[in-house]
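Coordinate-derived values only; no laboratory data. Remember, it's a predicted structure, so these values are computed and weren't measured experimentally. Here the Cβ positions follow ideal geometry from the backbone for every residue, glycine too, while neighbour counts run over all protein chains shown.
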Amino acid sequence: MIEKETLRKKIDAAFAFAGEQLRCLVETCPDYFPMYTTGGKWKHTGEAWTNWCEGFLGGQLWILYERTGGEWFHDRAEHYSRLIEHRKTDRNVHDLGFLFWSTWKRWYDLTGDAAANRVVIEAGQTLALRFQEKGQYLRSFVADESLFIDIMMNVGIIFYAAQQTDDDNLWRIATRHCLTTRRYLVRGDGSTAHEGIFDAATGEFLRQSTHQGWRGDSSWARGLAWALYGFGTAYRFTGDPRFLRTAEICALYYIENTPAHGVPPNDWTEPDPKLPYESSAAAIAASGLFNLARLTGAPAQAWLYRDYALQIVDTLTGPEFLANETPGWEGILKHGMYHQKKGLGVDESVMWGDYFFLEALSKAVKHV
Ligand code: GLY
């Protein structure tokens, strides 16, 4: 049983620590967009694989501004958001939701600035250009025939752009993408595949595959966390009960297959994983579960999701995960994982882990 007063103190301490780490990062490496640490240090020459993380620094600064009202955070949040504005027309990645929801959408929500909203809308319109009519999905950055589960976290920005501009075609694209992902990447037990491979010429679905998980038929934890959160967002926009059900079976898979502390390994089905934790998946799941608790109409489910999310936050704000007792560590949350097979960001801090951790904290604080 979590003691609420104690958890509140842990959350306050985590926010204070995050503010210090971010200030240090921004002052020592100005205008640098880190992705993952190496030996706890943000600046290194390690490969990126793809460029999807440039919104998470600005996003963390917006969250800190929202919490503290500090002018420095506001100024830096705007600055790091402006640095990525040109990416609103980037057609090379499937990640424009990650980039712009965390930055310009937060900016708009906090200020009501119509110019910021136009940037978010344009990013959503650009992302929709990845839609493959044959196959009915938004293609991943890898190839035309590739669909990633991760795109469920980005498709929300297309629903948003559709809503804001009254564009039926954008709405159709976003809806069809979610239905295709649900059909081919989410399994009956609530587990998810990382990637679907299609015949780009005919649109026929061929097989499940993976890059960051163990193998094609396995359950990569972060991918499932993206699905849990992303299908919840799709339901929030559409009210389509199929998307809520999908988010909920993913949530139950997560809860049933993860140790009681709430942090999964990189892949649930990998035998004898070398490392016990993928903390960024836990941070994403916690934030998504807080959303689901609000979205589900069933009080018992709401209680389960909220309670489990608080358990994750309790674990992640402890000394095993929060880096505040690890001298010289530059990230906020330890034991994250980027790409195990490529050896990138293995047992390190990762920018999205820190971002979703802070997002989860700002939701948790309302319940303690
Ligand atoms: N590219 C998204 C992820 O690594 O989860």
In nm, spacing of pseudo-spin labels at residue 142 and residue 187 (7 Å Cα→C-beta vector)
1.7 nm
Fewest-first ranking of 79, 44, 335, using other Cβ atoms within 10 Å as the exposure measure
44, 79, 335
Local electrostatic count at residue 147 - Lys and Arg +1, Asp and Glu -1, tallied over other residues with Cβ under 11 Å:
-1
Please state the Cα pair-distance histogram of segment 312-365 with 10 angstrom bins from zero: what percent is in each bin?
26, 52, 21, 1
With Cα springs under 10 Å, the Gaussian network model of the chain assigns the largest mean-square fluctuation among 86, 74, 194 to 86
So how strong a dipole does the chain carry about its Cα centre when Lys and Arg Cβ are +1 and Asp and Glu Cβ are -1, to the nearest 20 debye?
500 debye
Return the long-range amide H neighbours of residue 344 (sequence gap of 5 or more, or a different chain), with a cut-off of under 5 Å between placed amide H atoms.
339
Which ³J(HN,Hα) values, rounded to whole Hz and listed in residue order, are derived for segment 108-113 from phi using the Karplus coefficients 6.51, -1.76 and 1.60 in 6.51 cos²θ - 1.76 cosθ + 1.60 with θ = phi - 60°, glycine and proline given as x?
4, 4, 7, 10, x, 5
Which ³J(HN,Hα) values, rounded to whole Hz and listed in residue order, are derived for segment 216-225 from phi using the Karplus coefficients 6.51, -1.76 and 1.60 in 6.51 cos²θ - 1.76 cosθ + 1.60 with θ = phi - 60°, glycine and proline given as x?
x, 9, 9, 10, 6, 5, 5, x, 5, 5
List every residue whose amide H lies under 5 Å from the amide H of residue 322, counting only residues 5 or more places away in sequence or on a different chain, with H placed 1.01 Å from N in the peptide plane.
334
Given contacts defined as C-alpha pairs under 8 Å and at least six residues apart, what's the relative contact order of the chain, whole-number percent?
17 percent
May I ask you to evaluate 6.51 cos²θ - 1.76 cosθ + 1.60, the Karplus curve with θ = phi - 60°, for each residue of segment 200-207 and list the ³J(HN,Hα) values in order in whole Hz, giving x for glycine and proline?
5, 6, 10, x, 5, 6, 9, 6
For segment 116-199, what does the relative contact order come out to in percent, with C-alpha contacts under 8 Å and a separation of six or more?
33 percent
Between residue 114 and residue 27, what is the FRET efficiency for a Förster distance of 35 Å, r being their Cβ-Cβ separation, to the nearest 0.05?
0.65
Environment charge at residue 9 (Cβ cut-off 14 Å; Lys +1, Arg +1, Asp -1, Glu -1):
-1
Net +/- balance of residues flanking residue 74 in space, Cβ distance below 15 Å, scoring K and R +1, D and E -1
-1
Past 28 Å, Cα to Cα, is the threshold; run 43/88; 4/43; 88/334; 10/342; 4/274; 41/342 against it and keep the listed order.
4/43; 88/334; 10/342; 4/274
